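The structure appears right after this line, and notes come after that.
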Amino acid sequence: MIALSAGCLGDDTEDSPSNETEPDDGDPGTPSGDDDGPEDGDDADGKATELAGSDSRTYRYSKRSTSPRLNMLGDDAAATDWLAEHDRTGDSLETFVDETDFETSVLVSLEAGAPNPCHELALESIAAEDEQVVLDGAVRETSDDDEACITQETTVGRLVRATFDGQRLTNVSVTIVDRNGESHQVSVSHDTASESAGAESSNSSTETADDE
């Protein structure tokens, strides 16, 4: 059973994607406070609340996205299906997926619309809190002030891998700040870590406006 909640989400158009990957060496890293092992908040079954590490890769494709979305790739089958739908992502994402140990890690993809190719979806923080993975992302411009960039609607994405020290977490909550500075909260949860299928966000729940 897969339970979903999402904020201010919409379906993408049906245009065929043309994807371009952008390997990203930057990563917010493992949050401070995870150095001392699981805290007293672990449940009776010893479910890990410690994030051992994280990594991510950016990608984009020429398909207009109307609202931020979250896709959870909880196992190899779900990740393989996701790659098949993004078959022009190139070697970078395939290698990233191949290197993932789904016994200890989960993959999630974050996506949002952008007005031109000079934007990316930045991962600003990742942590393990209250037995779930909590992420913050934002659509950010990557070009310099004097750099010209043609207007072309696109979808920017980031594939994030979270690795755990102990039993992995399969509940994920994401806040994405879109191109207009508005915050969208999206969450997905799996009843068990063994459930497959890439659970995509749907149209429900709430939206909060960013103060900026």
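The values are calculated or read from the model by the stated rules, or taken from the named source; none is laboratory data. In this text, all values refer to a predicted model and were calculated from it rather than measured experimentally. Neighbour counts run over all protein chains shown; Cβ positions are idealised from the backbone, glycine included. For the accessible areas, the whole protein counts, side chains as well, though only heavy atoms, and no ligand, DNA or RNA atoms are used. Shrake-Rupley method; radii C 1.70, N 1.55, O 1.52, S 1.80 Å.
Tabulated values for the structure
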{"read-out": "Amide H contacts under 5 Å for G137, placed H, 5+ residues apart", "value": "E124, T175, I176, V177"}
{"read-out": "Label-to-label distance, nm, for residues given as S125 and T66 (7 Å Cα→Cβ offset)", "value": "3.2"}
{"read-out": "Length-normalised contact order of segment 51-189 in % [C-alpha pairs under 8 Å, at least 6 apart]", "value": "35"}
{"read-out": "Portion, in percent, of the accessible area of segment 51-189 that falls on carbon or sulfur, probe 1.4 Å", "value": "37"}
{"read-out": "HN-Hα J in Hz across segment 99-112 - Karplus 6.51, -1.76, 1.60, θ = phi - 60°, x for Gly and Pro", "value": "7, 7, 9, 6, 6, 10, 9, 10, 10, 9, 10, 10, 9, 7"}
{"read-out": "Gained length - D98 relative to E153, 0.36 nm times residue gap less alpha-carbon distance", "value": "16.8 nm"}
{"read-out": "Accessible area expressed per residue, segment 51-189, with surrounding protein chains retained (probe 1.4 Å, Å²)", "value": "40"}
{"read-out": "Which of P117, S173, H86, positive extreme of dipole for segment 75-185 (C-beta unit charges)", "value": "S173"}
